[in-house]
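The values are calculated or read from the model by the stated rules, or taken from the named source; none is laboratory data. None of these values were measured; they are calculated from a predicted model. In this analysis, Cβ positions are derived from the backbone assuming ideal geometry, glycine residues included, and neighbour counts consider all displayed protein chains. Areas reflect the complete protein model, heavy atoms only, side chains present, ligands, DNA and RNA absent. Shrake-Rupley method; radii C 1.70, N 1.55, O 1.52, S 1.80 Å.
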Amino acid sequence: MIIDCHGHYTTAPRALGEFRAWQQEMLKDPEGAGKDPGVVVSDDEIRESLEGNQLRIQQERGVDLTLFSPRAGGMAHHVGDASTSEAWTRHCNDLIHRAVELYPDRLAGVCQLPQSPGVSPANCIPELVRCVEELGFVGCNINPDPTDGYWTDPPLTHRHWYPLFEKMVELDVPAMVHTSCSCNPNFHFTGAHYLNGDTTAFMQFIESDLFRDFPSLKFIIPHGGGAVPYHWGRYRGLAQNMGRPSLETLMRNVFFDTCVYHQPGIELLLNVVPPENILFASEIIGAVKGVDPQTGFHYDDTKRYIDAVDWLSPDVRGQVMGGNALRVFSRLRARLESQGRI
C-alpha cells in the first residue's frame with residue numbers, strides 16, 4: 001500500500017475562508033462580536049473540492065491513501081487569542097473529519113492544534129483528544145513557532161511542551177512538525193520559514209534530552225528535513241562537539257518525509273537518512289504546483305522520483321512507500337486492519 005503521509009486540504013470550500021474572514025473582522029471590533037456563524041458546507045461541496053483535485057491526482061499517481069490535515073499556511077496561530085484559535089481549529093478539523101467520512105478508503109485524518117503564542121500547549125489537549133478518540137484521527141501537526149515568524153515561544157524540547165507530549169504518548173499519536181504562515185517579511189513562508197522550521201526542530205532535538213524523557217514520542221520532519229540531510233555531517237559534528245549522543249539515537253523518534261521536489265534531492269535523502277526513517281509524501285496540492293520545464297512533470301510528483309531510483313531494494317522501497325507510515329502511525333495501522341485492507 002502506498003501511503004502519502006503529508007496532505008493538506010488546500011482546496012477547502014469557500015465557506016471555511018469566509019468564517020476566517022468573519023473572525024478577523026470580529027477581532028477589529030470586539031464590541032460587535034456576534035455568535036459564531038459556523039461553517040456551512042454541503043457534502044457535495046466537499047466532493048467537488050476534492051474529486052477534481054487531491055483525489056484525482058492521488059489516483060493518477062498511484063497513491064492509495066493520504067494522511068489529510070488542514071492547510072498548514074492557514075493555521076496562522078498568531079491571529080487573535082487562544083479562543084480565536086480554538087474556534088478556527090475546531091472548524092478546520094471538523095471539515096477534515098467530514099472529508100474522511102466521505103472517502104474513508106482514500107483519506108485518514110491528521111489534526112491541527114489550537115496553539116497560540118505564549119499559551120501553554122496544554123491548551124491543545126482537549127482538541128487532540130476529541131480528534132483522536134471521537135473523530136478517529138491518526139496524528140497531529142505541531143507548529144514549533146506559534147508567533148508565525150518571530151520564534152518567541154520556548155523550543156520544542158522545553159518543558160513548556162511536556163503536557164502536550166505526555167498526552168501524545170498516552171494516545172500513541174505522532175506529530176508532524178509544521179510551521180504556518182510567516183509574519184516576518186525576512187522569511188518567505190514556504191521557501192524559507194517552512195524549511196527553517198524543519199531544520200530548527202532537528203537541531204533542538206540534538207541539543208536536548210527530550211527522548212530520554214519521552215522514549216516513545218515520534219515526530220515527522222517534513223520537506224525532506226529542510227537542510228538536515230544536505231548537512232548531515234555538520235549535525236554529526238555539532239553533536240560530537242557538544243558531547244551529545246550520536247544522531248543515530250534520534251532515529252528511534254525522528255522521521256523525515258519525501259516532500260523534496262527534484263531527483264538529486266530525493267536521492268540524497270535516500271542515501272543519507274536511514275531508510276526506516278523515511279516516509280513517502282508529496283504534499284499535493286501544496287506549495288509547488290507547477291510543471292518542471294526540465295522534466296515535463298509536476299515538481300510535486302515525488303513518487304516518480306522514487307520510482308526512478310533503481311538501486312532501492314524491494315524491501316526498502318516497500319518501507320518508504322508505506323511500511324514506515326504503518327509503523328509510525330499505529331492508529332493508522334489499526335484503522336486499515338479494521339477496514340480489512342492490510
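Brief remarks on what is shown
- Conditions (1) free of Cβ contacts under 8 Å to residues at least 60 places away in the same chain; (2) open to solvent by 20 Å² or more (accessible area, probe 1.4 Å); (3) aliphatic (A, V, I, L, M); (4) in a loop (DSSP other than H, G, I, E, B); number of the one not met by Val41: (2)
- Criterion violated by Ile342 - all others in (1) closer than 24 Å to Ala227 by Cβ; (2) touching a residue at least 24 places away in the same chain (Cβ under 8 Å); (3) open to solvent by 40 Å² or more (accessible area, probe 1.4 Å); (4) in a loop (DSSP other than H, G, I, E, B) satisfied: (1)
- Residues being at pLDDT 95 or above, surrounded by 22 or more Cβ atoms within 10 Å (Cβ to Cβ) and within 19 Å of Gln58 (Cβ to Cβ) are represented in the stretch 311-320 by at least one member.
- Any pair with Cβ under 7 angstrom, 6 or more apart, that starts in the stretch 242-267 at a residue that is in contact (Cβ under 8 Å) with a residue 12 or more places away in the chain and farther than 25 Å from Glu207 by Cα and ends at one that is open to solvent by 40 Å² or more (accessible area, probe 1.4 Å) and not acidic (Asp, Glu): Tyr261/Val288; Tyr261/Tyr299; Gln263/Ala308
- For the stretch 291-307, filtered to residues that are closer than 17 Å to Glu60 by Cα and in contact (Cβ under 8 Å) with a residue 12 or more places away in the chain, the residue that is surrounded by the most Cβ atoms within 10 Å (Cβ to Cβ) is Thr302.
- Filter result for the condition that a residue is part of a loop (DSSP other than H, G, I, E, B) and hydroxyl-bearing (Ser, Thr, Tyr), over Thr157, Thr199, Thr249: Thr157
- Matching entry among Val260, Val254 (being under 14 Å from Ala308 (Cβ atoms) and open to solvent by less than 30 Å² (accessible area, probe 1.4 Å)): Val260
- Of the candidates Gly136, Gly191, the single residue that is open to solvent by 10 Å² or more (accessible area, probe 1.4 Å), touching a strand residue (DSSP E or B) at 6+ places or on another chain (Cβ under 8 Å) and not β-branched (Val, Ile, Thr) is Gly136.
- Residues satisfying the stated conditions in the stretch 202-242, i.e. open to solvent by 60 Å² or more (accessible area, probe 1.4 Å), more than 27 Å from Ile266 (Cα to Cα), in a helix (DSSP H, G or I) and not acidic (Asp, Glu): Arg212, Asn241
- Candidates Val100, Val110: the one that is part of a strand (DSSP E or B) and over 26 Å from Asp29 (Cβ atoms) is Val110.
- Of the candidates Val320, Val288, the single residue that is β-branched (Val, Ile, Thr) and in a helix (DSSP H, G or I) is Val320.
- Looking only at the stretch 139-154, and only at residues there that are among the β-branched types (Val, Ile, Thr) and in a loop (DSSP other than H, G, I, E, B), the one that is surrounded by the fewest Cβ atoms within 10 Å (Cβ to Cβ): Thr152
- Breaking point among (1) at pLDDT 95 or above; (2) under 20 Å from the mean Cα position of the chain (by Cα); (3) open to solvent by 10 Å² or more (accessible area, probe 1.4 Å); (4) over 15 Å from Ile206 (Cβ atoms), for Ala287: (1)
- Comparison of Glu31, Glu86 shows that the only residue that is free of Cβ contacts under 8 Å to residues at least 40 places away in the same chain and in a helix (DSSP H, G or I) is Glu31.
- When residues of the stretch 152-162 are limited to those that are touching a residue at least 12 places away in the same chain (Cβ under 8 Å) and of a type outside the set (Asp, Glu), the one nearest to Leu113 (Cα to Cα): Trp161
- Residue within the stretch 48-66 that is β-branched (Val, Ile, Thr), surrounded by 19 or more Cβ atoms within 10 Å (Cβ to Cβ) and within 24 Å of Val129 (Cβ to Cβ) present: yes
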